Each structure stands twice: as structure tokens, then as C-alpha cells.
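Enquirer: So that we are looking at the same thing, I have put the structure below in C-alpha cells.
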Amino acid sequence: MPGYHFDPRVILQQLPALADGLRLTLVVSAIGMAGAFLVGLAGGAACALNLPLLRWAVPAYVEVFRNTPLLVQIFFLYFALPEIGVKLSGFTVAWLALVLWGGAYNTENFRAGFEAVERGYREAARALGLGTWQTFATIVLPLGLRTALPSTTNTLISVLKNSSFMVAIGFPELTDTTVSIVSLTFRVFELFGVIGVVYLVLAWALSALMRGVERRLALPAAH
Amino acid sequence: MEPGLSRTPPRPVAGAADPASPPQGIEEGGPRASLRAPGQDAAPAPRESEARQGAPPVVELRGVRKSFGHREVLRGIDLVVSRSEVLAIIGPSGSGKSTLLRCINLLEPITSGRILLEGRDITNAETDPNWVRRQVGMVFQQFNLFPHLTVMDNLTLAPRLLTKAPREEIEQRARALLNRVGLSEFAGRFPHQLSGGQQQRVAIARALMMQPRVLLLDEVTSALDPELVSEVLDVIRDLAVSGMTMLVVTHEMGFARESADRLVFMDGGVILEEGDPREVLDHPRHPRTQQFLKKVLR
């Protein structure tokens, strides 16, 4: 790095601020991931069960939130809604935007997982006299969930990383905090470098956790 | 798929069997135990006495037609199956045999005609399909055991959800059925740990757990390795002896010949020939039956 004086001391000096930012990132991401998971599960179920009203409302929701930029969604929630009387705090917009965005992608993940459950299993359940809901709860959901887990993991990791978008509304999560510090200290390499590593470790930990869940749920291999 | 009207079981007609009582004759050594020695013709005596009671046939199809879009798969089926009768259904692929079975337990809605289960019309709008499927058991060619559940859970899932029987009683019945099909030690295993023949025997036991009035067997040995076929046929023969009413779609002509009471040949969505298994297999009258049998009985 010709001409750049690398000085990691700035990280230690700014540790309290960075820690605060990290804490907010974790809180918002946790709510966002949990919400996205539940919304996706419910949405996928609504599609698989062909529920009245929801069977067009859910796909409409998915289309809107998959085909518009996350940034635009965030701006809309934070700047546009107040114009019609809905004023949300930065914190609320942060996790809500993540839930809506992640929920849309997860709805597709779960819907695909449920639809992938072999027809024969569903027919066997119906042939025994189990109703639509019973078949879904005991057969489709457990089997479909396992199929949907890998793609759901992807979406959840994306939710974690997308918490950094909140820089756009000045919500002081990790990235926003770092941008502020950089504007004061100009230590771009050290600061963006270290939060890059932080995000990487967090995402890696999350996927390791999800892999553990997948392994625990996995159906034993055929002999 | 299901009509959106109120779900009530069909009203019984006079003389029909009480729905609460278990089906008759599923004990060892039932009414035909002594009469089912190989080489003997079907004995008329038990069924005659039941016919004299005025009991309606277990399954009756009147003018049943089924189309998938423009493709008519069943073109007017009339069929009567009496209690404790074993009906074998044979025919080329695409003849509608499987569709026929799937219409009887309402997995497929029929396009026109009537299906009667013990005298009750199950194809009218007020019938609850789930209720029908509890009376009609089905075993599939691909076994379809639930892969995420143990053998015991596979057997007890439906009774636990659908009946008010206490759990211990359900588990006891499950163990008895497992014992009957020769798989007592497999209660805690998962389906993938069993051979095809074992899985199919579990599938039969699972269907029997709901104490159905009639059992539909859809080519249950066609997906099995040849050496595993006989263990499944043995179980079916045992069920026949104890009086279970069964419709068996099969390619096993030997089994049909020895263990069925009546044989039906289907082709192109209609029943072309019907009668005593030996008669039809040895002296087929319809040219298409002759053609089919010539190819099958090599």
C-alpha cells in the first residue's frame, strides 16, 4: 500500500462506538431473521395450502418485495410513510424492512420446499383419511422444511448483511457507525477492513449453525 | 378438489352395516380359512349366507366415468364387490385400473356415475371424503411410507389423529399387526432401513390400522425385486383367508388365479371380461383378453 500509513490503533480507540454499532446490528438482524423465517414459513404454507384470499395476496407481496431494490423499500418506509401519517422510528424501519424483504424470499423458499414433497407421501396421508391441514402439519411441513433449509440459510445470511443498508437512514448499526468514524479519522482501510471481517465471522457462524440444524433434522441416509 | 359443502358422513340406508363396528372376519381362521386350500375353487357358502342377510355389496360402481381433461380414462364401469370377496383386476397399462381404485377412495373425483360404499352413495356432494378414506384402505405400488417417521409412528399416526382411542390401545394394535405381517422387531426402525418387501408389508399394516371395510391394493408388488414378492403375497393371502374385502390390481397371474374369488380384465377404460379367475385366465373369451394373456403368461 504505497503512501498509506496503516494504523490499527484506531480500532482500539473506537472500540466502544463499534461495539454499540455491532450490538444494534445483532439486535436488528436477529429480529429480521426470526421475522423473515416466520413470515416465509407462513407465506409458503399459505401458498401450499391454497388458502382463499392469501393465494393471490401472498404472491403479490412476494413480487413487490423481490422486484424492488431493498434501498427503495427502506426509503419508502422511512421517508414516504410519514407523509401519510405512519411515522416509524429508525429502529422499527430497520428490522421491518429486513422482515419484509427476507420474508418475501423465504416465502418462495418454503413454498418450493413444500411443493417438492413427493406426491406419494401426501396421497398416502390422504388415503388414510387425514385432512388437508393434518396432512400439511404432519407430512408436508416436516419434509418440506428440510428441503427448504439450505435456501433459507442463504436468505438469512443476506438479511444479516443487508442490515448494513440502514446507513441510508442514519440508523447507527455497525456500518453506519463506521462511516461516521471514517469521516472523522479517515482510517478507511482499517475500519472497513475490520467490519468486513466482523460481518464475515457473523455470517460464517450463522451458516455453521444452520448446517448443524440441517444435520440434526436430516433424514438418515438410505442403506 | 373437495366440495365446499357441509361435511357429514352419508346417511345409512336400511340394512347397511353399522359404521361403528369393526369389519367382520379379520381374525385368524375366518369364515373361509378351511376353504382356501390351494387348488380348490372359491367356496360359495359364506358369501351366500351373507347375501341372505341382505347386506349390500361393500363396493358398487354404476356407470362410472372419469376424464382427465379431454382424455377419458374410465368409460362406464359397472362393478359389484361383495363382503369378503377378493377381486383381482388385470389389464394393460393405461387401461384405467389404478384410476378405478383411486376413484373408489375419492383420491380422484369421478366425472359421472355413482359409487356406493355399503349401500351409501359416496359420490354425492354431501359426502366427506376424509370419512370415506377412513373406511377404505389403500396400499400403493411405491409403498409411500412416511420417511421421517419410524415404522411404529407410521402405523399410529392416523389412528392417533383420527380416532379417540387411547394411545396404548393404538400401539398395542400396531404391535399386533406388525406381528401378523412378520415384522415385530422393526417397530423402531425407519422405512429406509427396510427392504422393499418389508416396507410394503408395513404399508399394508398401516392401512389396516384404520380398520377399513375394504382394502385397495394398487400393483403392490410391481415395484419389488422378484424374491421379495412372495412375502407380500403371503400377507395378502392371509388377509383374504380372514375375510378382508379386497380389490387387487395386479400383474401376478398366479396369485390372481389361486387367491382371488373373481377376476376382471380391463382395457381402454372398460371391463371387457369378468368371471372366475381360472375360467378367465384359462379360457378367455374376448379377443383383447386373449391377446393380453398371451403376452403376459409366457
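A short reminder: the numbers here are calculations on the coordinates, not readings from a lab. Here the structure is a predicted model, which means the values were calculated and not measured. All Cβ positions, even for glycine, are placed from backbone atoms using ideal geometry, and neighbour counts span all protein chains on display.
Enquirer: Return a whole-number percent for the relative contact order of the stretch A:92-182, with Cα pairs under 8 Å and 6 or more residues apart as the contact set.
Expert: Numbers: 60 pairs, mean separation 31.2, N = 91.
This gives 34 percent for the stretch A:92-182.
Enquirer: Taking the Cα atoms only, what angle lies between the long axis of helix A:188-217 and the longest principal axis of chain A, rounded to 10 degrees?
Expert: 20 degrees
Enquirer: Full extension from residue A:42 to residue A:17: what is 0.36 nm times the residue separation minus their Cα-Cα distance, to one decimal in nm? Walk me through the numbers before you get to the answer.
Expert: Values: separation 25, 0.36 × 25 = 9.00 nm, distance 3.75 nm.
Stretched out fully, the residue A:42 to residue A:17 stretch lengthens by 5.3 nm.
Enquirer: Just grab the label-to-label distance for residue A:218 and residue B:126, each label 7 Å out from Cα along the Cβ direction, in nm (one decimal).
Expert: About 5.4 nm, to one decimal.
Enquirer: Using only the alpha-carbon atoms of the stretch B:67-211, report the extent along each of the three principal axes, biggest first, to the nearest angstrom.
Expert: 46, 34, 29
Enquirer: For the stretch B:41-194, what is the relative contact order in percent, using Cα pairs closer than 8 Å and at least 6 residues apart in sequence?
Expert: Numbers: 173 pairs, mean separation 28.9, N = 154.
19 percent.
Enquirer: Here is a follow-up. Cα extents of the protein assembly as shown along the three principal axes, largest first, in whole Å?
Expert: 102, 49, 48
Enquirer: For q values of 0.21, 0.22 Å⁻¹, compute log₁₀ I(q)/I(0) with the Debye formula on a Cα-only model of the stretch B:183-298, without solvent.
Expert: At q = 0.21, 0.22 Å⁻¹ the computed log10 ratios are -1.22, -1.29.
Enquirer: So, one more: Can you give the calculated 222 nm mean residue ellipticity of the protein assembly as shown, where each DSSP H run of n ≥ 4 adds -39,500 (n - 2.57) and the sum is split over every residue, rounded to the nearest 500 deg cm²/dmol? Before the final figure, lay out the partial values.
Expert: Details: 20 runs with 262 residues, N = 521.
Only helices count here, giving -16000 deg cm²/dmol.
Enquirer: Within 10 Å of each Cβ in B:140-149, how many Cβ atoms from other chains are there, averaged over the peptide?
Expert: Values: counts 5, 1, 6, 2, 9, 3, 7, 9, 11, 3.
That average works out to 6.
Enquirer: Right, here's the next one. Ratio of Rg to Rh for the stretch B:119-196, alpha carbon only, Kirkwood? Don't jump to the answer; show the numbers that get you there.
Expert: Working: Rg = 14.8 Å, Rh = 14.3 Å.
On the Cα set of the stretch B:119-196, Rg over Rh gives 1.04.
Enquirer: To continue, here is another question. Set the Förster radius R0 to 45 Å, insert the Cβ-Cβ distance between residue A:57 and residue A:180 as r into 1/(1 + (r/R0)^6), and round the FRET efficiency to 0.05. Mind showing how you got there, number by number?
Expert: On the way: r = 40 Å, r/R0 = 0.89.
With a Förster radius of 45 Å, E is 0.65.
Enquirer: For the stretch B:73-222, build the charge dipole from Cβ charges (+1 Lys, Arg; -1 Asp, Glu) around the Cα centre, then report which of B:107, B:211, B:144 sits farthest towards its positive end.
Expert: Positive-most Cα among the choices belongs to B:211.
Enquirer: Label point 7 Å out from residue B:172 along Cα-to-Cβ: which residues of the stretch B:229-253 have amide N under 11 Å?
Expert: Answer for this model: none.
Enquirer: Let me ask something else about it. With springs only between Cα atoms under 10 Å, which of A:121, A:105, A:61 fluctuates most in a Gaussian network model of chain A?
Expert: Fluctuation is largest for A:121.
Enquirer: Can I ask one more? Please build a GNM for chain A, connecting alpha carbons under 10 Å apart, and tell me which residue among A:196, A:21, A:113 fluctuates the most.
Expert: Its mean-square fluctuation being the largest, the pick is A:196.
Enquirer: Please compute the average number of Cβ atoms from other chains found within 10 Å of each residue's Cβ in peptide A:128-138.
Expert: Details: counts 17, 18, 7, 8, 3, 0, 5, 2, 0, 1, 8.
Across the residues of A:128-138, the mean count of other-chain Cβ atoms within 10 Å is 6.
Enquirer: At R0 = 35 Å, how high is the FRET efficiency between residue A:66 and residue B:161 if r is their beta carbon distance? Nearest 0.05 is fine.
Expert: Values: r = 36 Å, r/R0 = 1.04.
The value I calculate is 0.45.
Enquirer: Okay, moving on. Taking the Cα atoms only, what angle lies between the long axis of helix A:141-162 and the longest principal axis of chain A, rounded to 10 degrees?
Expert: The angle comes out at about 20 degrees.
Enquirer: While we're on this one: Quote the relative contact order of chain A in percent (integer), defining contacts as alpha-carbon pairs under 8 Å separated by 6+ residues. Intermediate values should be presented prior to the final figure.
Expert: Details: 251 pairs, mean separation 67.6, N = 223.
Reported relative contact order: 30 percent.
Enquirer: So how strong a dipole does the stretch B:179-298 carry about its Cα centre when Lys and Arg Cβ are +1 and Asp and Glu Cβ are -1, to the nearest 20 debye? Kindly include the intermediate steps, with their values, before the conclusion.
Expert: Details: 14 positive and 17 negative charges, 30 e Å.
Dipole about the Cα centre, nearest 20: 140 debye.
Enquirer: Taking the Cα centre of the protein assembly as shown as origin and charging only Cβ (+1 Lys, Arg; -1 Asp, Glu), how large is the dipole, in debye to the nearest 20? The partial results should precede the final answer.
Expert: Values: 52 positive and 49 negative charges, 74 e Å.
The calculated dipole for the protein assembly as shown is roughly 360 debye.
Enquirer: Output the 0 to 90 degree angle, nearest 10, between the alpha-carbon long axis of helix A:174-185 and the longest principal axis computed from the alpha carbons of chain A.
Expert: With rounding to tens, the tilt is 10 degrees.
Enquirer: Here's another thing I want to ask about it. At q = 0.12, 0.17 Å⁻¹, what is the base-10 log of I(q)/I(0) for the stretch A:1-136 according to the Debye formula with one equal point scatterer per Cα and no solvent? Please give it to two decimals.
Expert: For the stretch A:1-136 at q = 0.12, 0.17 Å⁻¹, log10 I(q)/I(0) is -0.67, -0.97.
Enquirer: Still on this model: Under the Karplus relation 6.51 cos²θ - 1.76 cosθ + 1.60, θ = phi - 60°, what is the ordered set of whole-Hz ³J(HN,Hα) values for the stretch B:153-162, x standing for Gly and Pro?
Expert: In residue order, the calculated couplings are 5, 4, 6, 8, 4, 5, x, 5, 7, 10 Hz.
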